[in-house]
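Working notes, beginning with the structure itself.
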Amino acid sequence: MIRVNNNFAKAMEFTSFKKKDTITDDELINAILQFEIQLAKQNGFIFHCLVRNFKNEYANVLFVENFENLNDIETNLMQIPEAQNFFKLIEKQSIKIEFHHIQKNNFQIPLHFSCIECGTFSLKNENKANQLLPISNTIETNYLNTFENTSEHFIGKIKSNKFSEITFGKTLGQTKKICFGYFQNPFCTPLLELADENSMELDFWYLIA
């Protein structure tokens, strides 16, 4: 994990993947640590960490000041040996990259967390997308922020009619419990009613580097 500043972030890259069977966790983590040294030199870079889920998948989580920074970083890293060394360790066909436009104003990556809940969904009616941010703010104020476990939260836009809800929690167990509590909480119901149930995907990732 590396953080160069606490500037406001407007974009997140979430890249999930599987490592090759012959690669150990220690080899992957060491490659990531070298990779991060080069990431820290990129314009607009704020934060990076490596997380893992219970499906034996990993993810690079990268935050930048502006969405345009992501394209520049992608281009620059392709020429860097540390990035090439990391890419050699992963199964290329397993890579899934999503770029999230952070809708929340003045979002800062929390200083302390150990879990990231990443949910994605489409809307039944895309014309109601302007309701997402007010609903998100209500959920934060009246539900998520009532728990000591919650470190941060935001709504993101990935592409046309595909959105994300990201929550940073202090422990994996409590973050999962709070997330599943959405179905019983009246402040969370408006978001669930907007979302197309068939499009919803949810996973929990714990911090490893």
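Overview of values
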quantity: 0 to 90° range, to nearest 10: angle between helix 67-77 axis and the chain longest Cα axis; calculated: 20 degrees
quantity: Modelled FRET efficiency - R0 22 Å, Ala129 with Gln184, Cβ distances, 0.05 increments; calculated: 0.30
quantity: For the chain, calculated [θ]222 nm from helices alone, where every DSSP H run of n ≥ 4 adds -39500 (n - 2.57); calculated: -8000 deg cm²/dmol
quantity: Kirkwood hydrodynamic radius of the chain, Cα pairs, Å; calculated: 17.7 Å
quantity: Where N is the number of residues in segment 101-209, Cα Rg divided by 2.2 N^0.38 Å; calculated: 1.00
quantity: Förster-model FRET efficiency, 25 Å R0, Glu68 and Asn106, C-beta, rounded to 0.05; calculated: 0.85
quantity: Charge tally in the Cβ shell below 13 Å around Leu111, where Lys, Arg are +1 and Asp, Glu are -1, Leu111 excluded; calculated: +1
quantity: Above-threshold pairs, the threshold being 27 Å between Cα atoms, out of Lys92/Lys162; Lys10/Lys162; Lys41/Lys176; Lys41/Lys96; Lys10/Lys128; calculated: Lys41/Lys176
quantity: Inter-label distance for Gln84 and Met200, nm, one decimal - labels placed 7 Å from Cα along Cα-to-Cβ; calculated: 4.6 nm
quantity: Relative contact order [Cα under 8 Å, 6+ residues apart], the chain, whole percent; calculated: 27 percent
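The numbers here are math on the coordinates, done by the rules we state, and not lab data. From a predicted model like this one, the values you see are computed outputs, not experimental measurements. Please note: Cβ atoms are built from the backbone with ideal geometry, for glycine as well, and neighbour counts cover all protein chains shown.
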